Amino acid sequence: MPDVQAIVSEGLLFALALCAWLLLLAVTALRLRSYTAAKRISKKDDPAVRTTMTSGVSVVITARDQAEQLERNLPHVLAQEGVRFEVVVVTDVSTDETADVVARFAAAHPNMRTTFIPASSRYIDRKKLAVTLGVRAARYEWIVLTEPDCLPADSHWLEGLSHRFSPDVDVVLGYANYADDGSRYASRIIYERLKDNLRRFAAADAGLARGGDGCNLAFRKSTFLAKKGFADSLTITCGADDLLVHALAGPRRTAVVPHAACAIRQELPAPDAYASRRIAYAETCRHLGRRARLQQLREGLASSFSWLLMLVFTLYIAIRSEETVRTQAYDTLRLAHDLPTLAALAAALLIPALLLRGSLNVTGEKRFGLRPAFYDLAQPFRWWRRKWQRFRYRHDFVRKQ
C-alpha cells in the first residue's frame, strides 16, 4: 500500500517549488523595466544627434538658511565649462548669512544674479514662488534647477545636460542622489532614491514623465510660462519638482540624461529630515496622475510577491526539516525538489543585484551586493508607515484657500 503521507508531501513540495519560480518570475517582470532604465536609455543615446547649445543656460537655485552649503557648492556650479550660462539664486527670508554669501558671489561673478521672495508673500508655497521668480528672472530659454546643498559631479555637468536640449524636448531629467559616507543609513537612502529616479526615467522613456528630481532638472522657460508653471498645484504644499514635471512634460517630449558625469550629489540629510521628505513624496505621488498610480501598484505587487516568495521558501524549509528529523536521514529522492527550490532562493537574492548592475554603472553608483533583496523586503513596512504618517498629517499638505 502506498505511503499516503509521502505522496502528499511529494505533491506539496512540488507545488511549493513551482510556486517559488512563478513568484520569482513575476517579481522580476514587474521590476525589470525600472531597474534597467538607466542602462537602456544610455544604450539609445546617440552622440551623432546631440544638440550643441547656441544660446545659454540659466541655473536657478532657491535658498533659505543655507549659507554654508552655498559657500561650499556655488564655486563648483560657477566653474562649469563648455556652455554659456548664468546662475540665478533666489533667497527667502533667512536667519543666517545666506543673503551676504549670495551678494558676495554675485559681486565676484558677472554671470551670477540674485532675487528674493518678499517677506509679505503669504498665498503660495514659498518653494514654488521661489522657482517661479527664478524662472522669470532667467535670461535664457533653458532653465536648470538644483539646490544649495548639491555638488555637480563634473565641470561639464551643464554641457552634458545641454546635449539633450533639442526642439522636440521640453523637459530633461538628470540623475541626482546623496553623497555616500559609507554608513548603512547612506546606503539605504541612496538605494531608495536610486529606485525613485529609475522609475521616473522608465516613465519618461515610455513616453510620459511622472516626475523629476529637483536637484538636477531642466525645462524650457517658454513652456513654463505657457503652461503657467504651478497653476494647477497651488494648493499642494509639497513635491514642487515632481508636480512641475507633471505639468510641463508632454507626451514623448521628455529626455533623460542618466550619466554619472552629468549627475548631482546632494549632502546627506539628517534622518528626521529624510523621513519628512519621504512622507511628502508619498503625498506627492497621489497627485501625479494615473501613470504614477500604476507604477505604485506595480511596485506594491512586486513587494507583495517578494514576501509571498519568502513565505514559500520558509514553508518548504520547514517541511523538509521536519521530514529529515523524523526519518533521521536525508532522502536523496528529494533532490528533484530541493535543487530547484534552492536555485530559486539563490536567484531571488542575486537577480535584483544583477538587474541593477547596468544602471549602477551608468549612474556611477557603487554596487550594493545582495542588499537590494533585503532592502526590497523592508520596503512594504516603510511604505505603510509613511502611508499612515501621510494620512495623519494630510491636512498639512493642503493650503487653505
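Computed quantities for the displayed model
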quantity	calculated
Calculated log₁₀ intensity ratio I(q)/I(0) where the Debye formula runs over C-alpha points of segment 66-148, q = 0.16, 0.20, 0.26 Å⁻¹	-0.62, -0.97, -1.52
Cα-based radius of gyration of segment 109-164 once divided by 2.2 N^0.38 Å, which approximates compact folds	1.35
Residues with amide H under 5 Å from that of V87, placed H, sequence gap 5 or more	V59, M112, R113
Protection-proxy order for peptides 324-333, 223-232, each taking the mean of Cβ atoms within 10 Å per residue, highest first	223-232, 324-333
Phi to ³J(HN,Hα) by Karplus 6.51 cos²θ - 1.76 cosθ + 1.60 over segment 97-112, Hz, x for Gly, Pro	9, 3, 4, 5, 4, 4, 4, 5, 5, 5, 5, 8, 10, x, 8, 10
Phi to ³J(HN,Hα) by Karplus 6.51 cos²θ - 1.76 cosθ + 1.60 over segment 327-333, Hz, x for Gly, Pro	8, 6, 7, 8, 7, 5, 5
Whole-percent carbon and sulfur share, accessible surface of the chain, 1.4 Å	61 percent
Residue order for M112, M310 - accessible surface, 1.4 angstrom probe, largest first	M310, M112
Interchain or long-range residues, amide H under 5 Å from K227's placed H	none
Net charge, G174 excluded, C-beta distance under 11 Å - Lys, Arg +1, Asp, Glu -1	+1
For the chain, built as a Gaussian network whose Cα springs stay under 10 Å, the top-fluctuating residue of S58, S321, S304	S321
Candidate residues T146, T95, T132: accessible-area rank, largest first, probe 1.4 Å	T95, T132, T146
Debye log10 I(q)/I(0) at q = 0.20 Å⁻¹ for segment 246-368, Cα point scatterers	-1.35
Within the chain, percent of DSSP bridges classed antiparallel, to nearest 5	30 percent
Rounded to the nearest 10 Å², the accessible area of I189 at probe 1.4 Å	0 Å²
Flagged links, alpha-carbon separation over 31 Å, of K43/K128; K44/K221; K127/K387; K195/K227; K39/K228	K43/K128; K39/K228
Per-residue [θ]222 nm for the chain (sum of -39500 (n - 2.57) over DSSP H runs n ≥ 4, rounded to 500)	-18500 deg cm²/dmol
W383, W157, W388, ranked by accessible area, largest first (probe 1.4 Å)	W388, W383, W157
Charge-dipole axis of the chain as Lys and Arg at +1 and Asp and Glu at -1 on Cβ define it, positive-most pick from V312, F224, A378	F224
Percent of C-alpha pairs per 10 Å bin, the chain, short to long	4, 21, 29, 22, 11, 7, 4, 2, 0, 0
Tilt relative to the chain, helix 335-363 - C-alpha long axis, 0 to 90 degrees, to 10	10 degrees
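The values are calculated or read from the model by the stated rules, or taken from the named source; none is laboratory data. If you're wondering where the values come from, they're calculated on a predicted model, not measured in any experiment. Ideal geometry is used to build each Cβ from the backbone, glycine not excepted, and the neighbour counts take in all protein chains shown. These area figures cover heavy atoms from the full protein model, side chains too; ligands, DNA and RNA do not enter into them. Shrake-Rupley method; radii C 1.70, N 1.55, O 1.52, S 1.80 Å.
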